[in-house]
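Following: one structure in structure tokens, then a few remarks.
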Ligand code: 13P
């Protein structure tokens, strides 16, 4: 069955509210006639409100880049899925490799965050991917399997329905080195296989698996032409309205 592609922007720690407004003022006219795929922009927390105002009435979802799994409480500096939903967010990125590398996220916190996001009706974009040393040591499959198994722990197919996975090989992030469509496809097939084990074949056949890592206007068509690749999670190239629009229209 065909899966609707999702093209998502991860702005990471870039752009102020004013810069966010300017981005959408330039970006929206470029994609106004475009309704082939789903589009999502994930700005920093402080820009979410402005971003949501900018896309009101448009076919663009707004997502956060992280969340905490409790609904509320004495957790200084954290933001809950309930808060994101109250604001109007529809998506959230979970377990990005930068969060795993620099902020101590583990497969287990990814699982807790994933369950919280699903319970609150957010569409989670769970990131998995190997680092260069793991790929060179032949450990890619083991790493992806472990990340999937632990992320999916204690979840049912019914609860996980909205799940989206992003395969982001860490060696391809911000390096200009893109995984070839073939490398990405192989990883996606493995991830889909893990989803089938956890949630069944039917679920796996509908699961969207995005590719992320140096996606640019120049390589997006070739990546998106792969039947296994159901969209993109775009970092650097999503910060410029023209280049993100070009990727959206691959
Ligand atoms: P780049 O597109 O800048 O390589 O970043 C990819 C990424 O990490 C998206 O989440």
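Here, each number is a calculation from the coordinates, and none is a lab measurement. Because the structure is a prediction, the values reported are computed rather than measured. So basically every Cβ, Gly included, is an ideal-geometry build from the backbone, and we count neighbours across all protein chains shown.
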Inset, instruction - Need at least 2 residues that are in contact (Cβ under 8 Å) with a residue 12 or more places away in the chain and touching a strand residue (DSSP E or B) at 6+ places or on another chain (Cβ under 6 Å) per element, so show me which helices (runs of 4 or more DSSP H) inside segment 71-123 make the cut, counting only ones lying wholly within it. - result: 107-119
Legend entry - Which listed residue, of 184, 232, is in contact with a strand residue (DSSP E or B) (Cβ under 8 Å, 6 or more places away or on another chain), under 20 Å from residue 139 (Cβ atoms) and within 15 Å of the ligand (Cβ to nearest atom): 184
Legend entry - Qualifying residue in segment 173-180 (condition: within 16 Å of the ligand (Cβ to nearest atom) and within 15 Å of the chain's Cα centre (by Cα)): yes
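Could you list, in sequence order, all residues of segment 83-102 that are away from the ligand (no atom under 14 Å from the Cβ) and on the phi < 0 side of the Ramachandran plot? Please lay out each step first, then the result.
Filtering segment 83-102 down to residues away from the ligand (no atom under 14 Å from the Cβ) leaves 83-90.
Of everything in segment 83-102, those that are away from the ligand (no atom under 14 Å from the Cβ) and on the phi < 0 side of the Ramachandran plot turn out to be 83, 84, 85, 86, 87, 89, 90.
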Inset, instruction - Would you be able to tell me the number of residues in segment 53-68 that are buried (at least 18 other Cβ atoms within 10 Å of the Cβ) and part of a loop (DSSP other than H, G, I, E, B)? - result: 4
Legend entry - Qualifying position, being surrounded by 20 or more Cβ atoms within 10 Å (Cβ to Cβ) and under 30 Å from residue 100 (Cβ atoms), among 74, 8: 8
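Got a number for residues in segment 194-219 being away from the ligand (no atom under 11 Å from the Cβ) and either in contact with a helix residue (DSSP H, G or I) (Cβ under 6 Å, 6 or more places away or on another chain) or over 30 Å from residue 153 (Cβ atoms) (or both)?
The first filter runs over segment 194-219 and keeps only residues away from the ligand (no atom under 11 Å from the Cβ), leaving 194-209, 217-218.
Next, only the ones that are either in contact with a helix residue (DSSP H, G or I) (Cβ under 6 Å, 6 or more places away or on another chain) or over 30 Å from residue 153 (Cβ atoms) (or both) stay: 194-196, 204, 207, 209, 217-218.
Number of matching residues: 8.
How many residues, within segment 20-52, are buried (at least 23 other Cβ atoms within 10 Å of the Cβ) and assigned to a helix (DSSP H, G or I)? Outline the logic, then answer.
Of all residues in segment 20-52, those buried (at least 23 other Cβ atoms within 10 Å of the Cβ) come to 20, 23, 27, 39-43, 47-48, 51.
Subset that is assigned to a helix (DSSP H, G or I): 20, 23, 27, 47-48, 51.
Here the count works out to 6.
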